[in-house]
1. For segment 36-59, what are the residues that are among the small types (Gly, Ala, Ser), out of contact with any helix residue (DSSP H, G or I) (no Cβ under 9 Å at 6 or more places or on another chain) and in a strand (DSSP E or B)?
2. Considering only residues that are touching an Asp or Glu at 6+ places or on another chain (Cβ under 6 Å), in contact (Cβ under 8 Å) with a residue 40 or more places away in the chain and closer than 20 Å to residue 169 by Cα, which ones fall in segment 20-47?
3. Return the residues of segment 140-151 that are surrounded by 19 or more Cβ atoms within 10 Å (Cβ to Cβ) and over 18 Å from residue 70 (Cβ atoms); say none if nothing qualifies.
4. So, in segment 40-61, how many residues would count as being of a type in the set (Val, Ile, Thr) and over 22 Å from residue 105 (Cα atoms)?
5. Residues that are of a type in the set (Ser, Thr, Tyr), under 12 Å from residue 35 (Cβ atoms) and without any contact (Cβ under 8 Å) to a residue 40 or more places away in the chain: does segment 139-147 have at least one?
6. Quick check, is residue 115 modelled with pLDDT of 95 or more, over 23 Å from residue 158 (Cβ atoms) and of a type outside the set (D, E, K, R)?
7. If residue 49 satisfies all but one of (1) among the acidic types (Asp, Glu); (2) surrounded by 13 or more Cβ atoms within 10 Å (Cβ to Cβ); (3) modelled with pLDDT under 90; (4) under 20 Å from residue 136 (Cα atoms), what's the number of the condition it fails?
8. Could you figure out which of (1) in a helix (DSSP H, G or I); (2) of a type outside the set (A, V, I, L, M, F, W, C); (3) farther than 22 Å from residue 126 by Cβ; (4) touching a residue at least 24 places away in the same chain (Cβ under 8 Å) isn't true of residue 95?
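The values are calculated or read from the model by the stated rules, or taken from the named source; none is laboratory data. Fair warning: this is a prediction, and the values are worked out from it, not measured in the lab. No Cβ is skipped: glycine too gets one built from the backbone with ideal geometry, and neighbour counts run over all protein chains shown.
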Amino acid sequence: MPLGAGGHFVRLNGRAYEAIAAAIERRPAEDLYHSALEVRVSGGRYTIEQSPAGPHGGERGVVAVGAVGSRRAGRLRIFRYEIRRWREGEIPDIDEAVESPRRIAAGEAPAMRVLEAAAEVPTPVWGRDELRAGEMWNSNSVIAWILSRAGIDAGRIEPPTGGRAPGWRAGVVVAGRSGEGPARQ
C-alpha cells in the first residue's frame, strides 16, 4: 500500500524522507510502500501487519510490540508499534493497495509457516538499524523477515512499479543470519 494511505501525517513525513534520501543518493524520488499480508488457511483468514500500537492488543491479534525512534520513547504507547497476526482482521486502507493482491505462495504448509514466523519476528527500534542490516527496521522489514523465515524467497519480491519499500532488504538480511534468534525487546 502507499505509505501513509489514509493518513496525512505519515504520508507527509514519508515524502519528506524520500525527498532527502533521493537527494543524498542523487536519484529521482519514488513512491514509498508499506507491506502487509493476508494469509488464508483452512482455519480461516489472517492479516499480518505492523502498525502503531493501540489499546487492547489481544483483540487485534498482537504478537509483538516494539519502540519507535528510541527505546526510551517506547515507554509511551504513542512511540510503540505492534505486530498483528489477526484472525479475520482487516488491513486499514487496503482499498488503496497498488498492484495488489499478489499471491506470494500457495498451499497450507507455507501459510502455516508464515503464521508461525509472525509470532517470532524481531522487534528492534523502528526507524533505526539496530540489527546492522544496512537500512532501518520498519513494516517492510517485518514482512520480509516473516516471509524469509517461512522459507519464501522474499528477496525476489519487488515493490510496485516506480516505487520503493525501504527496510525490505533489512528483513531479508536479518532472517538469513543463521544461528541468530529473534531480537525481542
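1. 44
2. Within segment 20-47, 32, 36 qualify.
3. Kept after step one, since they are surrounded by 19 or more Cβ atoms within 10 Å (Cβ to Cβ), are these residues of segment 140-151: 140-150.
Once the filter is applied, which keeps residues that are surrounded by 19 or more Cβ atoms within 10 Å (Cβ to Cβ) and over 18 Å from residue 70 (Cβ atoms), segment 140-151 yields 140, 142, 143, 144, 145, 146, 147, 148, 149, 150.
4. Taking segment 40-61 and keeping what is of a type in the set (Val, Ile, Thr), we get 41, 47-48.
With the extra rule that they be over 22 Å from residue 105 (Cα atoms), the set shrinks to none.
The number of residues fulfilling the criteria is 0.
5. Filtering segment 139-147 down to residues of a type in the set (Ser, Thr, Tyr) leaves 139, 141.
Cutting the leftovers down to under 12 Å from residue 35 (Cβ atoms) gives us 139, 141.
Subsequent filtering for residues that are without any contact (Cβ under 8 Å) to a residue 40 or more places away in the chain retains 141.
Yes.
6. Values: modelled with pLDDT of 95 or more: yes; over 23 Å from residue 158 (Cβ atoms): yes; of a type outside the set (D, E, K, R): yes.
Yes; evaluated as a whole, the condition is true for this residue.
7. It is condition (3) that residue 49 fails.
8. Only one criterion is unmet by residue 95, namely (4).
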